[in-house]
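Student: Starting off with a structure, shown below.
The values are calculated or read from the model by the stated rules, or taken from the named source; none is laboratory data. Since the model is a prediction, treat every value here as computed from it, not as a measurement. Quick reminder, even Gly has a Cβ in these numbers, built from the backbone with ideal geometry, and neighbours come from all protein chains shown.
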């Protein structure tokens, strides 16, 4: 093992691998795999699995395969294949050799099925799906043998060949393993191995009209690839006896060890692919990479970094106990990363014009501000100071509460990296809305405090004539309750209508117009933002990654969760 392994957080999977290496099992080698089904985009739970499987291989100087378990062509698509490869690469991992597909092994899987039939361990069953459910029994009642269980080997071979040739309709026959219909483990009650699906496959085209089931395919694919440790989530624990049974029945040298760990569940969201697809299909979100989605592509578009996702995956640990991780931990990880790497800039999201009456009409000052307060290597940025500027509407009130530290009539405030100004008067429209402030400034306060008085607060600003218009999208949790799919009503009823607030007339510092898509910034006093792919040269778009601090107030069951008031 390398040096990193020695300091990596230990867990029960590492204990198993350490013991295997100690006993020279698998000649001391470690080979893992990440085996997604290409029927949707990957989510944050998959990110943990990616980090675990690829991380174990790296730490133990082994390799990790990327293999698509593509046995259900009806729901799979090359779009999902491409997105998954992009996600794994973005997270910083490299798979061993070429990408692999379970469909690469369809010929071998078919031959193994023939061998099982010849050994009397598989049979063609002609029960209808409804009859099959009835015969299967329940958790408290044993199943019953199918009347077709006693078919001869010759008859089963003939029927299975005709299934392969497409001579039967979907659902007319299936191939089942002959195990034990009275087993206390439902997965062992003569599970289906093959079913008829007359669908074109994204890899094999129309070559096949029968497709193997996941439980049958997965373990054999692992074995054919020489996987040593088949790490999967806890819902497959009851499938492990079947995983081992298939490998024990066929002539194959490798027998990987299946190890289960608790999947990652994140509050205020859902990670069911079916439900995520529903959000997309019903246009509740704007695609799989909508920044509110818990998909890896969604987090990427929202401005999360690979380092923050890897850090989050490590912090959540590897256990055998299911639980729900608080979204605040993920937000902590991205804040910690961006705090060190994101350049500072100013953006006025809700512009309010300020006219500084005693500032010279045509005067323009070029001020300097650090791009990062602690990293001088990032250099400085230029600010334009002039007679007309914008501040945020939320930074002014005529009726200030106690200890108010922003601008109000007759009071002074400092403009960040600039002068101290004082509000002299307010201009309102016919409806009583504030449209403009008239202020004065103290020309002796650039870079120093005013003489004989104390200024309580600092607000951000931009030049009125030298700033650019931008669209700013403030994203928040997609649902209003901690467990939207754990309630007694439709999860969509907990959709958060305020999960996206769009500001179309924000004003940004002039240099921001040159930002690259995907570049992270801290909008001072507002939060961390990233430039979105929907930006144009004329109109940049910025997505809020996360606020500067946790602004969700926890209530019982989080039903009354509401944003905390922003401090000035």
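Student: At least 1 residues that are over 45 Å from the mean Cα position of the chain (by Cα) and either without any contact (Cβ under 8 Å) to a residue 12 or more places away in the chain or under 17 Å from residue 398 (Cα atoms) (or both) in each: list the strands (runs of 3 or more DSSP E) lying fully within the stretch 410-449 that qualify. Walk me through it before giving the result.
Tutor: Working: elements: 412-415, 420-428, 434-442.
Filter on the stretch 410-449 gives 420-428, 434-442.
Student: State whether the residues of the stretch 29-48 include one that is surrounded by fewer than 22 Cβ atoms within 10 Å (Cβ to Cβ), without any contact (Cβ under 8 Å) to a residue 12 or more places away in the chain and not in a loop (DSSP other than H, G, I, E, B).
Tutor: No, because not a single residue in the stretch 29-48 is surrounded by fewer than 22 Cβ atoms within 10 Å (Cβ to Cβ), without any contact (Cβ under 8 Å) to a residue 12 or more places away in the chain and not in a loop (DSSP other than H, G, I, E, B).
Student: Does residue 554 satisfy the condition of being at pLDDT below 95 and closer than 28 Å to residue 395 by Cβ?
Tutor: So residue 554 fits the description; yes.
Student: Which one is nearest to residue 78 (Cα to Cα), of the residues in the stretch 200-250 that are assigned to a loop (DSSP other than H, G, I, E, B) and out of contact with any strand residue (DSSP E or B) (no Cβ under 8 Å at 6 or more places or on another chain)?
Tutor: 202
Student: Give all pairs with beta carbons closer than 7 Å in which a residue from the stretch 100-112 that is in contact (Cβ under 8 Å) with a residue 24 or more places away in the chain meets a residue that is surrounded by fewer than 20 Cβ atoms within 10 Å (Cβ to Cβ) and in a helix (DSSP H, G or I); count only pairs at least 6 apart in sequence or on separate chains.
Tutor: Pairs that qualify, where the first residue is in contact (Cβ under 8 Å) with a residue 24 or more places away in the chain and the partner is surrounded by fewer than 20 Cβ atoms within 10 Å (Cβ to Cβ) and in a helix (DSSP H, G or I), are 105/224; 108/224.
Student: So if I check each of 22, 108, 29, which one is more than 30 Å from residue 334 (Cβ to Cβ), in contact with a helix residue (DSSP H, G or I) (Cβ under 8 Å, 6 or more places away or on another chain) and at pLDDT 95 or above?
Tutor: Sole residue among the options that is more than 30 Å from residue 334 (Cβ to Cβ), in contact with a helix residue (DSSP H, G or I) (Cβ under 8 Å, 6 or more places away or on another chain) and at pLDDT 95 or above: 108.
Student: Where residues in the stretch 170-183 are touching a residue at least 40 places away in the same chain (Cβ under 8 Å) and either out of contact with any helix residue (DSSP H, G or I) (no Cβ under 9 Å at 6 or more places or on another chain) or not in a loop (DSSP other than H, G, I, E, B) (or both), which of them is farthest from residue 127 (Cα to Cα)?
Tutor: Per the stated criteria, the residue is 182.
Student: Report, by residue number, each residue of the stretch 347-400 that is on the phi > 0 side of the Ramachandran plot and loosely packed, with under 11 Cβ neighbours inside 10 Å.
Tutor: Within the stretch 347-400, no residue meets the criteria.
Student: For the stretch 89-102, state whether one or more residues are farther than 30 Å from residue 304 by Cα, at pLDDT 95 or above and part of a loop (DSSP other than H, G, I, E, B).
Tutor: no
Student: Please work out if residue 328 is on the phi < 0 side of the Ramachandran plot, surrounded by fewer than 22 Cβ atoms within 10 Å (Cβ to Cβ), part of a helix (DSSP H, G or I) and in contact (Cβ under 8 Å) with a residue 12 or more places away in the chain.
Tutor: yes
Student: Would it be correct to say that residue 305 is out of contact with any helix residue (DSSP H, G or I) (no Cβ under 6 Å at 6 or more places or on another chain), outside the structural domain of residue 464 (by TED's automatic domain parsing) and touching a residue at least 12 places away in the same chain (Cβ under 8 Å)?
Tutor: no
Student: Let me ask another. For the stretch 451-470, name all the residues that are surrounded by 15 or more Cβ atoms within 10 Å (Cβ to Cβ) and under 30 Å from residue 403 (Cα atoms).
Tutor: 455, 457, 458, 459, 460, 461, 462, 463, 464
Student: Out of (1) at pLDDT below 95; (2) within 20 Å of residue 366 (Cα to Cα), what's the single condition that is false for residue 444?
Tutor: (1)
Student: Specify the residue that is farthest from residue 120 (Cα to Cα); the eligible residues are those in the stretch 130-164 that are without any contact (Cβ under 8 Å) to a residue 40 or more places away in the chain, assigned to a loop (DSSP other than H, G, I, E, B) and out of contact with any helix residue (DSSP H, G or I) (no Cβ under 8 Å at 6 or more places or on another chain).
Tutor: So, considering only residues that are without any contact (Cβ under 8 Å) to a residue 40 or more places away in the chain, assigned to a loop (DSSP other than H, G, I, E, B) and out of contact with any helix residue (DSSP H, G or I) (no Cβ under 8 Å at 6 or more places or on another chain), the one farthest from residue 120 (Cα to Cα) is 140.
Student: Within the bounds of the stretch 483-497, is there any residue that is touching a helix residue (DSSP H, G or I) at 6+ places or on another chain (Cβ under 6 Å), in contact (Cβ under 8 Å) with a residue 24 or more places away in the chain, assigned by TED's automatic domain parsing to the domain that holds residue 390 and within 27 Å of residue 272 (Cβ to Cβ)?
Tutor: Yes, there is a match, as at least one residue in the stretch 483-497 is touching a helix residue (DSSP H, G or I) at 6+ places or on another chain (Cβ under 6 Å), in contact (Cβ under 8 Å) with a residue 24 or more places away in the chain, assigned by TED's automatic domain parsing to the domain that holds residue 390 and within 27 Å of residue 272 (Cβ to Cβ).
Student: Looking at the stretch 184-198, which of its residues are in a loop (DSSP other than H, G, I, E, B) and farther than 16 Å from residue 218 by Cα?
Tutor: 184, 185, 189, 190, 197, 198
Every residue, every condition in (1) farther than 30 Å from residue 536 by Cα; (2) surrounded by 15 or more Cβ atoms within 10 Å (Cβ to Cβ); (3) touching a strand residue (DSSP E or B) at 6+ places or on another chain (Cβ under 8 Å), yes or no:
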residue: 409; (1), (2), (3): yes, yes, yes
residue: 420; (1), (2), (3): yes, yes, yes
residue: 428; (1), (2), (3): yes, no, yes
residue: 472; (1), (2), (3): no, yes, yes
residue: 475; (1), (2), (3): no, yes, yes
residue: 478; (1), (2), (3): no, yes, yes
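Student: Scan the stretch 99-106 and tell me whether some residue there is under 26 Å from residue 293 (Cβ atoms), surrounded by 14 or more Cβ atoms within 10 Å (Cβ to Cβ), in the same structural domain as residue 208 (by TED's automatic domain parsing) and within 20 Å of the chain's Cα centre (by Cα).
Tutor: So far as the stretch 99-106 goes, no, none of its residues is under 26 Å from residue 293 (Cβ atoms), surrounded by 14 or more Cβ atoms within 10 Å (Cβ to Cβ), in the same structural domain as residue 208 (by TED's automatic domain parsing) and within 20 Å of the chain's Cα centre (by Cα).
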